[in-house]
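Here's the structure we're looking at; comments come further down.
What follows is calculated from the coordinates using simple rules that are stated; it is not laboratory data. If you're wondering where the values come from, they're calculated on a predicted model, not measured in any experiment. Positions of Cβ are generated from backbone atoms using ideal geometry, with glycine treated the same way; all protein chains shown enter the neighbour counts.
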Amino acid sequence: MNRVVIISAKAMLFTLLLTFNCTLMAQPDRFSNVVIEATQLTDSVYMLTGAGGNLAVSVGADGLLLVDDQYAAMAERIAEALANVSGTAEAHQSLKYVINTHHHGDHTGGNDFFAKAGATIVASEAARVRLLARVPSQDNPLPVITYHEGVHIYFNDDRLNLVVLEGHTDGDTAVYFEGANVLHAGDLFFNKRFPFIDTDSGGSVGAYLSSQEKLLAMINDDTQVVPGHGPIARRSDLMAVHAMIRATHKSVTEDIGAGLSLSSIQEKGLDDMYQSFAWAFISEAKWIETLYWDVIESNAVH
Ligand SMILES: [Zn+2]
């Protein structure tokens, strides 16, 4: 009897190891066909897209500065893209700063690669706390410069205004290149998509909306806005997403007030005009779920 138990325990361990190895082996495949594409926004600022969050790069006499760095598996391809946009081989070695807009792995995965090449990692103190809690620091170097409300970085004849906001997490940084008039909004802006709001990391719909209002007040119609995810945008695109969040939040609040359950609200769905915001990661049902629990939670007596 005991022997059977031992054998089946061994079999289970073997299956577990096999699954674990397959997961590890499957990891690079996910990115194998991803190409980094660069879009020039101004003389000195580029947007890079690939897998994970969008990047912004400042290129000039002071060297390079990167906002976000996607996944570890993308780091070498990002380095190649930096070489292309700067016209310098080994450009990542003149990368001075990497700003992390927040702690999520699709925005910070390249920290190890770029810190080893000499870059200084910069993030909000709250994002650093989240990074510290998540990974052993030897695998992902922590930010060495942090701030609570914000900081200015003077770089490549521009002033970068880093502003700490909340809503996606409890430590989101928006980076406004004042001279270039380019805003990297981090994940406070998913262009043309339902947003992911990480309520487990201190995010909330209310804070997300008020942070978007602050971003809208910082920029003008000429500002080029790099969203955390989705195509390059203008202020009007941010306004459209903001209006969608407000309207769908109101509609779910009313449905809850009328006594509808989560599943009945999901079954009913949102207004047809919001269908196009659904995407692989946040379906309409998932967005309704986020709104539902946010309303329930904010009405709860604490
Ligand atoms: Zn995120």
Over the chain, what per residue volume does the convex hull of the Cα atoms give, in whole Å³?
178 Å³
Classify the range 60-157: rounded, prolate or oblate, from the alpha-carbon gyration tensor (a ≥ b ≥ c, eigenvalue square roots; a/c under 1.5 rounded; otherwise prolate if a/b is larger than b/c)?
oblate
With each run of n ≥ 4 DSSP H residues scored as -39500 (n - 2.57), what mean residue ellipticity at 222 nm is computed for the chain after dividing by its residue count and rounding to the nearest 500 deg cm²/dmol?
-12500 deg cm²/dmol
Alpha carbons only, please: Rg and Dmax for the range 223-302, in angstrom.
14.1, 43
Hand me the GluC sites (Glu not before Pro) from the range 141-238 located in a DSSP loop with no more than 16 other Cβ atoms within 10 Å, in residue order please.
Glu149, Glu178
If you look for lysine pairs in the chain that are eight or more places apart or on different chains, how many of them have Cα atoms under 21 Å apart?
8
Quick one: which residues, 5 or more positions from Gly179 or on another chain, have an amide H under 5 Å from its amide H? H modelled 1.01 Å from N in the peptide plane, none for Pro or chain starts.
Arg159
In whole angstrom, how far apart do the alpha carbon centroids of the range 240-272 and the range 150-209 sit?
26 Å
Helix by helix, which DSSP H runs in the chain go 15 Å or more along their axis at the Cα atoms and have an average Kyte-Doolittle hydropathy of -1.0 or more?
2-29, 75-86, 205-218, 235-257, 284-299
Whole-angstrom gap from the range 119-133 to the range 46-101, using each part's C-alpha centre:
18 Å
Cα gyration tensor of the range 55-110, axes a ≥ b ≥ c as square roots of the eigenvalues: rounded (a/c below 1.5), prolate (a/b > b/c) or oblate?
oblate
What share of the DSSP beta bridges in the chain is antiparallel, in percent to the nearest 5?
65 percent
